[in-house]
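*Asks:* Sharing a structure, written as structure tokens. Questions coming.
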Amino acid sequence: MEVRERPLEWQEFAKRFGDVEANVERVVRGKREEIRLALVALIAEGHLLIEDVPGVGKTMLAKAIARSIDCSFRRIQFTPDLLPTDITGVNVFNQEQRDFEFRPGAIFANIVLGDEINRASPKTQSALLECMEERQVTVDAVTHPLGTPFMVVATQNPIEHEGTYPLPEAQLDRFMLRLSIGYPSAEVEADILESHSAGAPLAEIAPVTDAPGVAEMVDQARTVHVAPALRRYIVDLVSTTREHPDLYLGASPRAAIMLLRAARAMAAAEQRDFVVPDDVKALALPALVHRVIPTADSVMSGRTPNVILAELIDQVPVPVAGSG
């Protein structure tokens, strides 16, 4: 694959991306790879599902991103009694104007944190489907567009099942990436104790860009070149999941689209105006792991989706330089 000269605009993109990344890392210590994936989802106009145990920084990550890009932030605490209108909004009668007016719900923000999303009922969870896919809300046949940037960051606890409702496949498929933050190393955790015990670390970080700046990055990432051979590689990865004997359900065509968009954002963050196979390979696991369901035999033998997909990614042939 021919290496092109790097235009100044891509240098500016990578610098702005790096500034946000470094700013978030001041709060979420020792998790640069997870922070980068979260920002890739933001720039690729995707949504993020964080599945991890309590106390590892899931909420802090979402708040730090919102503060770093000077965007509006809303937190929705998902509970069994949460109503769909709490999320989308509702029309209420205005006594002075003698007419109905729309009161926006919590979804009307640039960064929306859906905390413990699997604690709400399926009816309430379904209120997010239109918002996440079409970036709009329809109430009483009237459509209200959402702003740019717009990202839903949903969290759930994988080990707590009492009082929870598993996310349906249709909703899981709307998340671009799924990741786990994990526990920090001993050195990083000692550093966290020193910095977080003195006060609120979020109050110490200032915005490094704003919503129009992020919207400009979103538009620029769309122009990243993807060679035909790489598009075919993405299709091969996704279609292989549908034929794998250890998988009951494979990834959808939406998965291929989101993997391509994420790869474009990753390439731009690396100061390139073209995607390389390593971009796709780095994103394949977080982009596909929540979209596949292993067979009963695979579950019984301890083969998790992560293991199956890691093997699959290694087996699918990678396009060579000059093939497109």
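The values are calculated or read from the model by the stated rules, or taken from the named source; none is laboratory data. A quick note: this is a predicted structure, and the numbers were derived from the prediction, not measured. Note that each Cβ is placed from the backbone with ideal geometry, even for glycine, and that neighbours are counted across all protein chains shown. Quick note on the areas: whole protein, heavy atoms, side chains included, nothing else; ligands and nucleic acids left out. Shrake-Rupley method; radii C 1.70, N 1.55, O 1.52, S 1.80 Å.
*Asks:* Taking the Cβ-Cβ separation of residue 136 and residue 300 as r and a Förster radius of 30 Å, what is the calculated FRET efficiency to the nearest 0.05?
*Replies:* After rounding, the FRET efficiency stands at 0.10.
*Asks:* Residue farthest toward the positive end of the dipole of the chain, with Cβ of Lys/Arg at +1 and Asp/Glu at -1: which of 142, 172, 211?
*Replies:* Of the candidates, 142 comes out farthest on the positive side.
*Asks:* Sticking with this one: Apply the Debye scattering formula to region 1-138, with a single equal point scatterer on each alpha-carbon and no solvent, then give log10 I(q)/I(0) at q = 0.10 Å⁻¹.
*Replies:* -0.45
*Asks:* Roughly how many Å is it from the Cα centre of region 243-291 to that of region 18-37, as a whole number?
*Replies:* Cα centroid of region 243-291 versus Cα centroid of region 18-37: 21 Å apart.
*Asks:* Let me ask something else about it. Quick one: Debye curve from the alpha-carbon atoms of region 115-251 only, equal weights, vacuum; give me log10 I(q)/I(0) at q = 0.10, 0.11, 0.14, 0.16 Å⁻¹ to two decimals.
*Replies:* -0.61, -0.74, -1.15, -1.31
*Asks:* Sticking with this structure for a sec: May I ask for log10 I(q)/I(0) of the chain at q = 0.13 Å⁻¹, from a Debye sum over the Cα atoms as equal point scatterers with solvent left out?
*Replies:* With one equal scatterer per Cα and no solvent, log10 I(q)/I(0) is -1.04.
*Asks:* Just order 261-268, 22-29 by mean Cβ neighbour count inside 10 Å, highest at the front, would you?
*Replies:* Most protected by this proxy first, the peptides run 261-268, 22-29.
*Asks:* Continuing with the same structure: So how strong a dipole does region 60-183 carry about its Cα centre when Lys and Arg Cβ are +1 and Asp and Glu Cβ are -1, to the nearest 20 debye? If you can, show how the numbers build up before the last one.
*Replies:* Values: 11 positive and 16 negative charges, 72 e Å.
For region 60-183, the charge dipole is close to 340 debye.
*Asks:* Using the crude model of +1 on Lys and Arg Cβ and -1 on Asp and Glu Cβ, and no other charge, please compute the dipole size for the chain relative to its Cα centre, in debye to 20.
*Replies:* Roughly 400 debye, rounded to the nearest 20.
*Asks:* How do the peptides 203-209, 305-311 rank, highest first, by the average count of neighbouring beta carbon atoms within 10 Å per residue? Write down the numbers at each step before the final one.
*Replies:* Working: 203-209: 13.7, 305-311: 17.0.
Answer by packing, highest mean first, reads 305-311, 203-209.
*Asks:* Continuing with the same structure: Calculate, for region 1-89, the solvent-accessible area per residue in square angstrom, rolling a 1.4 angstrom probe over the heavy atoms of the protein chains.
*Replies:* Each residue of region 1-89 exposes 45 Å² on average to a 1.4 Å probe.
*Asks:* Find out how many positive minus negative residues lie around residue 37, taking Lys and Arg as positive, Asp and Glu as negative, among other residues whose Cβ is under 15 Å from that of residue 37.
*Replies:* -2
*Asks:* While we're here: Taking the Cβ of residue 312 as the center, what net charge do the other residues with Cβ under 13 Å away carry, scoring Lys and Arg +1 and Asp and Glu -1?
*Replies:* Around residue 312, the surrounding residues sum to -1.
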